[in-house]
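The values are calculated or read from the model by the stated rules, or taken from the named source; none is laboratory data. Bear in mind that the values here come from a model prediction, so they are computed numbers and not experimental data. Glycine gets a Cβ as well: all are built from the backbone with ideal geometry, and neighbour counts include every protein chain shown. Note: accessible area is taken over every heavy atom of the protein model, side chains too, but ligands, DNA and RNA are not part of it. Shrake-Rupley method; radii C 1.70, N 1.55, O 1.52, S 1.80 Å.
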Amino acid sequence: MNKLAHFITKIIDFFYRPFEKLVPEQLFRYAMCGGGNMVLDWVLYFLVYNFVIGHDLVYLNFHLLQSPNLQICLTPHIATLCIVFPITLFTGFWLNKYVTFIHSSLHGFRQLVRYILIVAVNLAINYFGLKLCVEVWGWYPTPSKMFITILTVFISFFGQKYFSFRK
């Protein structure tokens, strides 16, 4: 894993050279890693929404002792979010830990817990934002997801820098 992180860092640092007088290195690395993870998120969201979920409602059946036939229905855009979210959660954590915020003195588990807390805030913004954009305003799901992601980038950077991966 360290070889992959080193390789990614070398590529990002190569593209950083023209910007080194304009942008701090850590911010540039965060933007590149976050941008790559964001594009991965958008592509996965599009593929899962259109080719896995297929625009259909998703029914989850739970067999519990007190409620033997508990059924939950997820709209396709929320079901897609539930599938894609864990993937980009861990790719984002890995990129932040091993490429962007490499000088953090916090232990890995503590970083992960704090990272998940920041991401949970972003997940709530994504959930309610998708509900608002798709179900209230009638926007298409993929552009809605893109719009919301751009809004959450700012929360993420400052949360990760000063909370999850602080020195």
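Per-residue answers, yes or no, for (1) within 16 Å of the chain's Cα centre (by Cα); (2) open to solvent by 60 Å² or more (accessible area, probe 1.4 Å); (3) among the polar types (S, T, N, Q):
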position	(1), (2), (3)
H103	no, yes, no
L123	yes, no, no
F128	yes, yes, no
V134	no, no, no
M146	yes, yes, no
T149	yes, no, yes
S156	yes, no, yes
F163	no, yes, no
R166	no, yes, no
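Considering only region 59-73, I want to know if a residue exists there that is surrounded by 14 or more Cβ atoms within 10 Å (Cβ to Cβ) and either closer than 23 Å to S164 by Cβ or free of Cβ contacts under 8 Å to residues at least 24 places away in the same chain (or both). Working first, answer last.
The first filter runs over region 59-73 and keeps only residues surrounded by 14 or more Cβ atoms within 10 Å (Cβ to Cβ), leaving none.
Checked against the condition, which is being surrounded by 14 or more Cβ atoms within 10 Å (Cβ to Cβ) and either closer than 23 Å to S164 by Cβ or free of Cβ contacts under 8 Å to residues at least 24 places away in the same chain (or both), region 59-73 yields no hits at all.
Quick check: is even one residue across region 28-44 more than 22 Å from F154 (Cα to Cα), surrounded by 14 or more Cβ atoms within 10 Å (Cβ to Cβ) and more than 16 Å from the chain's Cα centre (by Cα)?
no
Take V52 and decide whether it is β-branched (V, I, T) and open to solvent by 80 Å² or more (accessible area, probe 1.4 Å).
Values: β-branched (V, I, T): yes; open to solvent by 80 Å² or more (accessible area, probe 1.4 Å): yes.
Criteria met by V52.
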